[in-house]
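Here's the structure we're looking at; comments come further down.
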Amino acid sequence: MQTVFEGRPSRLLCATIAVGALAGLAVAGDARAQRAEPCIGASWELTGAFAHQAQQIRYGAEAAIDEINERGGVLGQRLRLVAYDDQGEPARAVDNARRIGERDNCIAMLGGFRTPNAIALREPLHEMELMWVGTISAGTAVIEFPTNKWMFRVSMKDRWVAGFLLDRAREASRSGKVGIVYEATAWGQGGLADAERAAAERGATLVAKETYNMGDADMSAQLIRLRDAGVDAIILYGNDREVANLLRSMDRLGYRPEIFAAWGIGARLAELAGPLAEGVRVAGTFSWLGELPDRAKAVLARMQAKFPDIRTTADLLHPSGTANAYDAVHIIAEAIRIAGKFDRNAVREAMYKVNWTGLVADYRPAFEPKPERHDAVTPDAYRLFAYHNGKLLPVEQTPHRLAARAN
């Protein structure tokens, strides 16, 4: 793959599988009526605090595109990946989506890490009739809204994640008192609503609810309230930097409840928090560690050959996101084959007919034409991971597989 920079490198990255000019630089109305181009667009945080997350998605997406093109492409066309930098800002994500849908005329978009950016795309995607397939951002509202026709996801969904985490937190709690800590963003607030709903469905109560702002360094006040409420297990919605600060605050207070986190955190937490990350459990879909199936071994070897920065599997900082992106690209390609043409409406309809076995799940079918099943990864594919000796491992490979610690 040749990587091409347009404008300032800090603003825009255009990664393409084949060199060549894109045809059909049309306005939105004309683009929908024309044959779409064999490109998959993306608006990712290529620079900024979570640029490493974009790179994790790119690994999986490019591995899948290379596989597809080596086998002759799709309908005789080689796929291309076109990625623009949104710097983590929703307004930039909207601008990038319009460029992908109107100027580049791509057949589909891949989603990124941030839920607020994905939510900002709901109306523009509907207006352009441009399909979007999420790979990490798990906010329920990204997919489940009344007018959704164009947004799909190959990732976890927070409404389902909340129940998954709550069940495990209740198993681990000795006191039966479970609380929640969440970042003050659209993603964190959505996670709170999902957790409250999951608790109500189970006849349970979240006995304490605490939030924090992005960039907060000291969370002692929130933790003292949790401790005084008797909470010994928490559900957590946060990202690596703030969660590392949360763990440091816990260490200073001598208070360490069992922690069950959504996947805003990844392998990087172990770098930031060191030994304090030990035992934190995280929901996810895939691990590149341990014995891998033959197919996953081949994908890993392909990624390592293409990207020298993947020296070991420890360099895959969001292992689930990488696997999700690989599966998402293959599902899009299969939908194009079923549609028999690069037509956005036809490909969208074909998404409901895709049956495909991926790294993360056996998608049969990948999607169904109802709001909750625009998510391809269902809870039966969810897995629990835990930090142990600086690595994020399947929980069954760690001492943290038991419901509660012995001490």
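Any residue that is in contact (Cβ under 8 Å) with a residue 24 or more places away in the chain, within 15 Å of V282 (Cβ to Cβ) and over 17 Å from the mean Cα position of the chain (by Cα) - is there at least one of those in region 354-370?
no
Quick grid of which residues meet (1) under 20 Å from the mean Cα position of the chain (by Cα); (2) under 25 Å from L392 (Cα atoms); (3) of a type in the set (S, T, Y); (4) at pLDDT 95 or above:
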site: E183; (1), (2), (3), (4): yes, yes, no, yes
site: A204; (1), (2), (3), (4): no, no, no, yes
site: I234; (1), (2), (3), (4): no, yes, no, yes
site: D240; (1), (2), (3), (4): yes, yes, no, no
site: V243; (1), (2), (3), (4): yes, yes, no, yes
site: G264; (1), (2), (3), (4): yes, yes, no, no
site: A270; (1), (2), (3), (4): yes, yes, no, no
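In the list N324, N239, which residue meets the criterion of being in contact (Cβ under 8 Å) with a residue 60 or more places away in the chain, assigned by TED's automatic domain parsing to the domain that holds G134 and buried (at least 22 other Cβ atoms within 10 Å of the Cβ)?
Answer to the selection: N324.
Condition check ((1) aliphatic (A, V, I, L, M); (2) more than 18 Å from K149 (Cβ to Cβ)) across all residues:
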{"residue": "E334", "(1), (2)": "no, yes"}
{"residue": "R337", "(1), (2)": "no, yes"}
{"residue": "Y352", "(1), (2)": "no, no"}
{"residue": "L359", "(1), (2)": "yes, yes"}
{"residue": "V395", "(1), (2)": "yes, yes"}
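Consider A298 carefully, then state whether it is small (G, A, S), surrounded by fewer than 22 Cβ atoms within 10 Å (Cβ to Cβ) and either without any contact (Cβ under 8 Å) to a residue 60 or more places away in the chain or under 16 Å from M131 (Cα atoms) (or both).
Yes: the conditions hold for A298.
Out of (1) at pLDDT 95 or above; (2) over 26 Å from N239 (Cβ atoms); (3) not hydrophobic (A, V, I, L, M, F, W, C), the odd one out for D327 is which?
Here D327 meets the rest and fails (2).
Right, R348: of a type in the set (K, R), over 22 Å from P38 (Cβ atoms) and within 22 Å of the chain's Cα centre (by Cα) or not?
So R348 fails the test.
For region 119-136, check the following and say yes or no: at least one residue is on the phi > 0 side of the Ramachandran plot, at pLDDT below 95 and of a type outside the set (S, T, Y).
Checking region 119-136: not a single residue is on the phi > 0 side of the Ramachandran plot, at pLDDT below 95 and of a type outside the set (S, T, Y).
Being without any contact (Cβ under 8 Å) to a residue 60 or more places away in the chain and either exposed (fewer than 14 other Cβ atoms within 10 Å of the Cβ) or in contact with a strand residue (DSSP E or B) (Cβ under 7 Å, 6 or more places away or on another chain) (or both) is the filter here, so list the residues in region 327-348 that pass it.
Listed by number, the list holds a single entry, E334.
Would you mind stating whether G72 is part of a loop (DSSP other than H, G, I, E, B) and at pLDDT 95 or above?
Here the answer is yes, as G72 does meet what is asked.
So which residues in region 228-284 are farther than 23 Å from A199 by Cα and either touching a Lys or Arg at 6+ places or on another chain (Cβ under 6 Å) or among the hydroxyl-bearing types (S, T, Y) (or both), if there are any at all?
Scanning region 228-284 gives D240, S249, M250, Y255.
Is it the case that some residue within region 211-228 is in contact with a strand residue (DSSP E or B) (Cβ under 7 Å, 6 or more places away or on another chain) and among the small types (G, A, S)?
There is no residue in region 211-228 that is in contact with a strand residue (DSSP E or B) (Cβ under 7 Å, 6 or more places away or on another chain) and among the small types (G, A, S).
Tell me yes or no: at least one residue of region 349-364 is surrounded by fewer than 20 Cβ atoms within 10 Å (Cβ to Cβ), modelled with pLDDT of 95 or more, part of a loop (DSSP other than H, G, I, E, B) and not β-branched (V, I, T).
yes
In contact (Cβ under 8 Å) with a residue 40 or more places away in the chain, touching a helix residue (DSSP H, G or I) at 6+ places or on another chain (Cβ under 9 Å) and acidic (D, E): which single residue out of D216, D158 fits that description?
After ruling out the rest, the residue left standing is D158.
Check whether at least one residue in region 125-142 is among the hydroxyl-bearing types (S, T, Y) and out of contact with any helix residue (DSSP H, G or I) (no Cβ under 7 Å at 6 or more places or on another chain), and report yes or no.
No: zero hits.
When you go through G112, G88 one by one, which is the residue that is buried (at least 24 other Cβ atoms within 10 Å of the Cβ) and touching a residue at least 40 places away in the same chain (Cβ under 8 Å)?
It is G112.
State the number of residues belonging to region 122-164 that are surrounded by fewer than 23 Cβ atoms within 10 Å (Cβ to Cβ), out of contact with any Gly (no Cβ under 8 Å at 6 or more places or on another chain) and over 24 Å from V329 (Cβ atoms).
So the count comes out to 7.
If the requirement is being outside the structural domain of P371 (by TED's automatic domain parsing) and over 22 Å from the mean Cα position of the chain (by Cα), which of these qualifies: A198, A172?
Going through A198, A172 in turn, just one is outside the structural domain of P371 (by TED's automatic domain parsing) and over 22 Å from the mean Cα position of the chain (by Cα): A172.
The values are calculated or read from the model by the stated rules, or taken from the named source; none is laboratory data. Small disclaimer: the values here were computed from a predicted structure and weren't measured. Virtual Cβ from ideal backbone geometry, glycine too; neighbours counted across all protein chains shown.
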